[in-house]
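Quick notes on the structure that follows.
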Amino acid sequence: MPSDPLFGLNSGPHGGAGKKTETPESPPQHSPFHILPKVGGPFWLLTFLDVISLLLAFFIMLFAMSNPRTADWEELSATLADRLAPNVETVKPAPPTALTIDEDKTVPGLNLDYLVSLLRGHLDSDPLLARTVLHRFPDRLILSMPSDLLFALNSAVLNDQARRALFELGGLLGNLSNRTDVYGHTDPAPIRSGPYRSNWELSLARAQSVATALLESGYDKPMIVQGFADTRFVFLARDILSPRREALARRVDIVLYPSQAAILP
């Protein structure tokens with residue numbers, strides 16, 4: 001009986017289907033088809049996994065090449081912290097505050113050597129101011145005015161002659177661009193009478209009186225007024241005899257600096 005090489009069926013004598021034969025366990029060697037072994041999953045899953053791996057590598061490369069803005073990230077982190085932990089207070093440090101005068105707010109004033117000759121001529125022309133001691137230092141010029149020329153004992157009220165002399169001196173200083181400060185000093189002897197309880201109060205009150213007299217003359221630049229009591233007494237020359245040394249300690253200094261008065265913000 002002839003057999004069908006494709007389906008392995010026996011044909012009857014009239015070309016019809018005959019009796020079905022059993023399927024062999026393995027295909028015949030001459031069959032054009034091979035039965036593949038079964039795998040654990042569908043074939044498309046392997047391709048999907050390859051695509052996911054490529055996308056993951058692509059995003060890792062983008063993250064490595066990115067440059068996140070630190071300020072925005074910190075702001076976002078703080079916002080998230082407030083949302084996730086509302087009971088925890090998030091405090092951002094405040095920017096530092098400048099405690100000194102900025103350098104760009106001061107410019108050079110008149111030359112100190114020129115001021116020495118200018119002020120010396122003005123001081124010598126006044127009987128009271130002629131006793132003023134003029135000190136030239138590398139970074140400042142000091143006019144030391146003995147207190148006994150300006151005030152009574154343990155007093156901070158200017159006498160009439162001193163008020164007039166300081167009024168004229170203030171007119172001269174007002175035309176200068178240099179920064180001017182006023183410092184008061186005393187000797188080490190404690191105060192035993194008068195309206196002031198300590199040398200600190202007396203030195204500051206006398207410096208304020210001199211500064212007020214300068215302002216009344218039209219001086220309108222920023223000015224620092226301080227009282228040092230007897231803290232600068234040790235800087236006086238030790239070879240000066242005691243009475244004169246104490247007299248030099250009781251003074252008011254008008255200090256001129258080589259830069260202009262600071263421009264207030």
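The values are calculated or read from the model by the stated rules, or taken from the named source; none is laboratory data. The structure presented is a predicted model; accordingly, all values stated were derived computationally and were not measured. When we count neighbours, we look across all protein chains shown, and the Cβ atoms used for this are built from the backbone with ideal geometry, even at glycine. Accessible surface is based on the protein model in full, side chains and every heavy atom, while ligands, DNA and RNA are left aside. Shrake-Rupley method; radii C 1.70, N 1.55, O 1.52, S 1.80 Å.
Please indicate, with yes or no, whether at least one residue in the stretch 184-200 is modelled with pLDDT under 90 and touching a helix residue (DSSP H, G or I) at 6+ places or on another chain (Cβ under 9 Å).
yes
Which residues, taken from the stretch 170-185, are of a type outside the set (A, V, I, L, M) and out of contact with any Lys or Arg (no Cβ under 6 Å at 6 or more places or on another chain)?
Hits for the stretch 170-185 are GLY170, GLY171, GLY174, ASN175, SER177, ASN178, ARG179, THR180, ASP181, TYR183.
Taking THR106 and the conditions (1) closer than 24 Å to TYR257 by Cβ; (2) modelled with pLDDT of 90 or more; (3) not aliphatic (A, V, I, L, M), which numbered condition does it fall short on, given that it satisfies the others?
Against the list (1) closer than 24 Å to TYR257 by Cβ; (2) modelled with pLDDT of 90 or more; (3) not aliphatic (A, V, I, L, M), THR106 comes up short only on (2).
Going through the stretch 143-167 one residue at a time, which ones are under 21 Å from LEU115 (Cβ atoms) and open to solvent by less than 20 Å² (accessible area, probe 1.4 Å)?
Once the filter is applied, which keeps residues that are under 21 Å from LEU115 (Cβ atoms) and open to solvent by less than 20 Å² (accessible area, probe 1.4 Å), the stretch 143-167 yields LEU143, SER144, MET145, ALA165, LEU166.
Does the stretch 205-263 hold any residues that are open to solvent by 50 Å² or more (accessible area, probe 1.4 Å), closer than 14 Å to LEU150 by Cβ and more than 35 Å from the chain's Cα centre (by Cα), and which are they?
The one that is open to solvent by 50 Å² or more (accessible area, probe 1.4 Å), closer than 14 Å to LEU150 by Cβ and more than 35 Å from the chain's Cα centre (by Cα): ARG250.
Can you list residue pairs whose Cβ atoms sit under 6 Å apart, with the first residue in the stretch 123-144 being under 18 Å from ALA207 (Cα atoms) and touching a residue at least 12 places away in the same chain (Cβ under 8 Å) and the second being open to solvent by less than 60 Å² (accessible area, probe 1.4 Å) and among the basic types (Lys, Arg)? Count only pairs 6 or more apart in sequence or on different chains.
Final answer for the pair search is SER144/ARG251.
Considering every residue within the stretch 126-134, establish whether at least one is under 39 Å from the mean Cα position of the chain (by Cα), surrounded by fewer than 19 Cβ atoms within 10 Å (Cβ to Cβ) and modelled with pLDDT under 95.
yes
Please state which of the following conditions GLY170 fails to meet, knowing it meets all the rest: (1) open to solvent by 40 Å² or more (accessible area, probe 1.4 Å); (2) closer than 20 Å to VAL225 by Cα.
Just one mismatch for GLY170, condition (1).
Write out, first by first residue and then by second, each pair whose Cβ atoms fall under 7 Å of each other, whose residues are 6+ apart or on separate chains, and whose first residue, in the stretch 178-190, is surrounded by fewer than 21 Cβ atoms within 10 Å (Cβ to Cβ) while the second is at pLDDT below 90.
ASP187/PHE233; ASP187/GLU246; PRO188/PHE233
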